[in-house]
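Engineer: Structure provided below as structure tokens; questions to follow.
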Amino acid sequence: MEMSKESEKLTGVQKSAILFITLGPEVSANIIKKLPEAEIQKITYEIANMTHVSQQQRQEVLEEFIEMNKAKDYLMEGGMDYAKSLLGKALGPQRAKEILDKIVEVTQQYRPFAIARKADAHQLMNVIANEHPQTIALILCYLQADKAGQVLSSLPEELQSDVAFRVASMKNTSPMVVKEIEKVLDSKLSSVIRSDVTVIGGVDTLVGILNQVDRTTEKNITEGLEREDMELAERIKESMFVFEDIVTLDSMSIQRVLREIDPKDLALALKGCSEEVANTIFKNQSKRGAAALKEDMEFLGPVRLVDVEKAQQKIVGVIRRLEDAGEIVLSRGGEDAIVL
């Protein structure tokens, strides 16, 4: 596609704004929530200040977006040569080169530690284990959330809290410092990284964002995800309410949930929980029911952690189902849960 002179003058942020306007609010919400806050602010500012977007501009930006995504898919599937070959056949060698150059430029601009993101957690641990905690914290900030979690879990216990604190406290870091650390890390990883490793993460990051928005926004986004990938949507919804959060529900809500749960699952789930959670459940049962539940727990004896977690996730699933049905409302932002 040959861009018009008018479209060629648009910045990347302006093109992003036009793309979100074209896709509409529901689809755009799913994309924009995954962007860095600084980019969200720039794009939303452009959207708010755009008074007119021609149909031609919309069409051209949408086509460019589709081409860029195809190029990214080809790159992930077979690398630069593979992407050049397929794009060249479809769009011609010159257009293919323009698109791939843009992808490389954007990646270099917004995705530091690209090689680290391709390495697996074990490879990273071998390389950064002896680095200063502040350096480790900086690297974790640029990794996929699931990979960063694996690395953090693998650190010595005496380091975990220190590094976690530094991650939470980190605000501004000099681009020169980031570049220098990235350069050293890339050099160390180059001898151990496997070129065929591609790790995709982000669920924990999205959950962290959704936990900060209101219920209406959360529901709008999760419903959009359900239409795209039901399994992913369920993983996100389940992660947003963990079993231990049952203590935040009021008594009527807990009792409603208990009516839907298999007693065997409940006994198994409580084997791995805190005393606070167990007492919350016992308080919302009759004396006879609580005694029977305690007896079931004792009868189980030692159990596997994986079985406990499965039972807890079943109960979380029941809670989310009741919430979706409007029978209970999970507390958000400090508000009390209520029964409708």
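The values are calculated or read from the model by the stated rules, or taken from the named source; none is laboratory data. The structure displayed is predicted, hence computed values, not measured ones. Don't worry about glycine lacking a Cβ; one is built from the backbone with ideal geometry, like all the others, and counts go over all protein chains shown. Each accessible area value is taken on the protein alone, full model and side chains, heavy atoms only, with ligands, DNA and RNA left out. Shrake-Rupley method; radii C 1.70, N 1.55, O 1.52, S 1.80 Å.
Engineer: Find the residue count for region 152-172, including only residues that are over 23 Å from the mean Cα position of the chain (by Cα) and touching a residue at least 24 places away in the same chain (Cβ under 8 Å).
Structural biologist: Here the count works out to 2.
Engineer: Can you name every residue in region 1-24 that is at pLDDT 75 or above and open to solvent by 60 Å² or more (accessible area, probe 1.4 Å)?
Structural biologist: If the condition is that a residue be at pLDDT 75 or above and open to solvent by 60 Å² or more (accessible area, probe 1.4 Å), then Thr11 is the only one that fits.
Engineer: Taking the condition loosely packed, with under 15 Cβ neighbours inside 10 Å, in a helix (DSSP H, G or I) and among the charged types (D, E, K, R), does Glu260 pass?
Structural biologist: For Glu260, the condition - loosely packed, with under 15 Cβ neighbours inside 10 Å, in a helix (DSSP H, G or I) and among the charged types (D, E, K, R) - is not met.
Engineer: Ile319 is checked against (1) part of a loop (DSSP other than H, G, I, E, B); (2) at pLDDT below 90 and fails just one. What number does that condition carry?
Structural biologist: Here Ile319 meets the rest and fails (1).
Engineer: Okay, moving on. Please state which of the following conditions Met80 fails to meet, knowing it meets all the rest: (1) touching a helix residue (DSSP H, G or I) at 6+ places or on another chain (Cβ under 9 Å); (2) open to solvent by less than 30 Å² (accessible area, probe 1.4 Å).
Structural biologist: (2)
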